[in-house]
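All remarks here apply to the structure that follows.
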Amino acid sequence: MVTDSDGFPTSDFFQRGVHLIENGGVTETIFNNVVGIYLRGAETGCIPSMVNYANCYLSQYKPHLALPFLLEGAIRGHPDAVALLLCRCYANLPQFSLYFYWSNMVKNWAGIEEERYKQFFGGAKKMKNQFDNTCCICSEQQSDLVDLKTCNGCKLSFYCSKECQTIHWEERNHKNECNQLKILMKYHKPYANEIREQIMSGDDPKSIIPLQKLRNKLGLTRPRKEYEEYLDLKNLDNDLDTSTSTTNDDTINPHTLLIPRNNGTVYVGSWTETM
């Protein structure tokens, strides 16, 4: 069994894609061929193929299409998938509860070289220092005159008033983030190490019941017709403004789709079938 640098099995499709790039360069034709090869590898459950397939979308400034595949890799325990999820999807968004969850998860995985992933470990530490004991809306700090309250869901966000809590919960979409965190805490965290070990051992992911249940709970198995409108959005490059979004024309900002839906599920799925 051939594995990648993190010990995850690689498929023949993954090896073909890497070989094609190494020997043919990155022309438009080769790039398009490689995208198709990585997709076929990802469909077989090859995590390295999922990560590289997502990277193809990231190179085209389409993070909303990369996210479901990075999340597929993350819930299976691949640190590269988590690193890209945090640094390329969540880093410029107010999703610090999810950021903390995933950075802590990687720290708990055996055999992880912390130096190799210091970028997002450092990002988590910076976020914690920035938001710890500070109102996440107005930056008011804990004092004799200010009694900060924590979010009942994630226990990570602090508020100095009901008004600030409402702004964060509704306008900043923390409700959505908290709901996804609840899904992860219930359906991923208790089984995370078991899922990771089975995947690294080469077990068929279709037979890993907690994994398939988690995929369903996160919305990764949503029917394609439910998110088809998001697949051909205008490329907005590095526009990180998530304050405006509409679902009835082509002006939807792809970055708004990185934030979970109200129920905590993803906007764009990966595969409806078990994989």
Qualifying position, being crowded, with 23+ Cβ neighbours inside 10 Å and either part of a loop (DSSP other than H, G, I, E, B) or at pLDDT 95 or above (or both), among 36, 17: 17
Quick one: in the stretch 261-273, which of the residues that are of a type outside the set (Ser, Thr, Tyr) and touching a Leu at 6+ places or on another chain (Cβ under 8 Å) is nearest to residue 98 (Cα to Cα)? 264
Residue hits (the stretch 194-229; surrounded by fewer than 17 Cβ atoms within 10 Å (Cβ to Cβ), under 22 Å from residue 109 (Cβ atoms) and over 18 Å from the mean Cα position of the chain (by Cα)) are 194, 197, 201, 202, 203, 204, 207, 209, 210
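Filter the stretch 4-14 down to the residues that are free of Cβ contacts under 8 Å to residues at least 40 places away in the same chain and outside any loop (DSSP other than H, G, I, E, B), then identify the one that is surrounded by the fewest Cβ atoms within 10 Å (Cβ to Cβ).
Pass one, the stretch 4-14, residues free of Cβ contacts under 8 Å to residues at least 40 places away in the same chain: 5, 10-14.
Filter once more, keeping what is outside any loop (DSSP other than H, G, I, E, B): 12-14.
Numbers: 12: 14, 13: 23, 14: 27.
Among those that are free of Cβ contacts under 8 Å to residues at least 40 places away in the same chain and outside any loop (DSSP other than H, G, I, E, B), it is 12.
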Output for the stretch 58-117, where each listed residue is under 20 Å from residue 175 (Cα atoms) and of a type in the set (Phe, Trp, Tyr): 90, 96, 99, 100, 101, 102
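Within the stretch 148-173, restricting attention to residues that are under 20 Å from residue 105 (Cβ atoms) and under 21 Å from the mean Cα position of the chain (by Cα), which residue is surrounded by the most Cβ atoms within 10 Å (Cβ to Cβ)?
Kept after step one, since they are under 20 Å from residue 105 (Cβ atoms), are these residues of the stretch 148-173: 151, 153-157.
Filter again for under 21 Å from the mean Cα position of the chain (by Cα), leaving 153-157.
Numbers: 153: 17, 154: 18, 155: 10, 156: 22, 157: 27.
Step by step, filter the stretch 148-173, then rank; the result is 157.
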For residue 101, indicate whether it is of a type in the set (Phe, Trp, Tyr) and over 15 Å from the mean Cα position of the chain (by Cα). no
Restricting to the stretch 1-32, name every residue that is of a type outside the set (Val, Ile, Thr), more than 21 Å from the chain's Cα centre (by Cα) and over 21 Å from residue 68 (Cα atoms). 1, 12, 15, 16, 19, 20, 22, 23, 24, 25, 28
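The values are calculated or read from the model by the stated rules, or taken from the named source; none is laboratory data. Here the structure is a predicted model, which is why all the values come from computation and not from measurement. Neighbour counts are summed over all protein chains in view; Cβ atoms, including those assigned to glycine, are modelled from backbone coordinates with ideal geometry.
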